[in-house]
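> Input: one structure, supplied below.
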Amino acid sequence: MPEPSPVLQVRDLVVHYPGRTRHDPPVRAVDGVSFDVRPGETLALIGESGCGKSSTATAVLQLRRPDSGSVRFAGRELTTLTDEELRPLRPAFQPVFQDPYGSLNPRRRVRDTIAEPLRVHGRWDPATGPARVAELLEMVGLDASHGARRPGELSGGQQQRVGIARALACEPRLLVLDEPVSALDPSVRAGVLNVLTALQDELGLAYLFISHDLALVRHVAHRVAVMRAGRIVGTGPARTLPATPEHPRTAAKSG
Ligand SMILES: Nc1ncnc2c1ncn2[C@@H]1O[C@H](COP(=O)(O)OP(=O)(O)OP(=O)(O)O)[C@@H](O)[C@H]1O
Ligand SMILES: [Mg+2]
């Protein structure tokens, strides 16, 4: 079977931040990064702290516009679209962040949090909406009764499942997951990762998966790209990662 064409194509992505004083040079956080992610595929982005992983994620999501480079999603160039032009496309590429509690509104009930993107994008139908919310809860392994709770009444793992359900509400094709289980208790990480794997198998989702945990990446990713100082210094199949590498940057072959 031929490989499906990429859902995400990133080329020569550049993100600079201003220096801390006007005498400091700009920080070249992302310095010419290129990669593809295909439907049903997990590409892990790894590398030491500060190498530019989150900046890459933010630029892919167009939450901060890159300084230059191309981000093609489902064949459309995102970087040249206005905010208004982007808005209807946003549901199709969704973020999942590290801190689940911080990314949820503490006063909002879970069912309203999950319904919010449907409402915002004009896809809320009072006749079918509640059943869709219940289905989304079930897809992430939560009980329909969790819908009535507020985030503070859930465990960290349950909060992150709500964040995933919200990301799924408008049927995305790509999730950008920035350290999605790092803030969770180790005992609940596997459960959340299993949910992500099952959803990918079922829905053919593409994942850009940022992590610094190589054992985890070996387990969940198909391919891995290693970043250092704003550049990708190696890519390869995730199974070639050594089980306990001493230097992440030597973990994947150049290419
Ligand atoms: N808003 C910002 N303003 C200025 N500099 C920033 C900003 N955000 C990130 N940086 C700098 O850009 C570089 C890349 O940061 P980034 O957060 O992308 O790294 P990271 O790989 O995600 O690190 P970590 O593994 O610690 O999350 C770092 O030098 C960081 O200090
Ligand atoms: Mg980061």
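> Can you work out ³J(HN,Hα) from phi for every residue in the range 144-152, in order, using Karplus 6.51 cos²θ - 1.76 cosθ + 1.60 and θ = phi - 60°, giving whole Hz and x for Gly and Pro?
4, 5, 5, x, 7, 8, 9, x, x
> Hey, what D do you get for the range 8-250 in µm²/s if you plug the Kirkwood alpha-carbon radius into Stokes-Einstein at 20 °C and 1.002 mPa s? Walk me through the numbers before you get to the answer.
Numbers: Rh = 18.6 Å.
Taking Rh from Cα pairs, D becomes 115 µm²/s.
> If you don't mind, another one. Where nothing but the Cβ of Lys and Arg (+1) and of Asp and Glu (-1) is charged, how large is the charge dipole of the range 8-250 around its Cα centre, in debye to the nearest 20? Intermediate results must be reported in sequence, preceding the final value.
Details: 31 positive and 27 negative charges, 66 e Å.
So the magnitude is around 320 debye.
> In addition: Work through the residues other than residue 155 whose Cβ is under 10 Å from its Cβ and net out their charges, Lys, Arg +1 and Asp, Glu -1. Walk me through the numbers before you get to the answer.
Details: positive: 161; negative: 153, 185.
Spelling it out: positives minus negatives among the neighbours equals -1.
> Check which residues have an amide H placed less than 5 Å from residue 232's amide H, if you skip close sequence neighbours.
34
> For the range 52-131 and the range 188-226, write down the distance between their C-alpha centroids in whole Å.
Here the two parts' Cα centres lie 19 Å apart.
> Provide the per-residue ³J(HN,Hα) series for the range 126-138, in order, calculated from phi with Karplus coefficients 6.51, -1.76, 1.60 and θ = phi - 60°, each as a whole number of Hz, with x at glycine and proline positions.
Once θ is set to phi - 60°, the couplings for the range 126-138 become x, 6, 10, x, x, 5, 5, 4, 4, 5, 5, 4, 5 Hz.
> Could you point to the residue in 44, 225, 27 farthest towards the positive end of the chain's charge dipole, with +1 and -1 charges on the Cβ of Lys/Arg and Asp/Glu respectively?
Among 44, 225, 27, the one farthest towards the positive end of the dipole of the chain is 27.
> More than 23 angstrom separation, counting every C-alpha pair in the range 27-115; what % is that?
Result for the distance tail: 35 percent.
> In addition: Determine by what factor the alpha-carbon radius of gyration of the range 148-243 differs from 2.2 N^0.38 Å, reporting the quotient.
Relative to the rule-of-thumb radius for its length, the range 148-243 sits at 1.16.
> A further question follows. Take every DSSP beta bridge with both residues inside the chain and express the antiparallel ones as a percent of the total, to the nearest 5.
Percentage antiparallel, nearest 5: 55.
Every number in this text was worked out from the coordinates using simple rules, so none of it is lab data. Source: prediction; values computed, not measured. Heads up, the Cβs are rebuilt from the backbone with ideal geometry, glycines too, and the neighbour counts pull from every protein chain shown.
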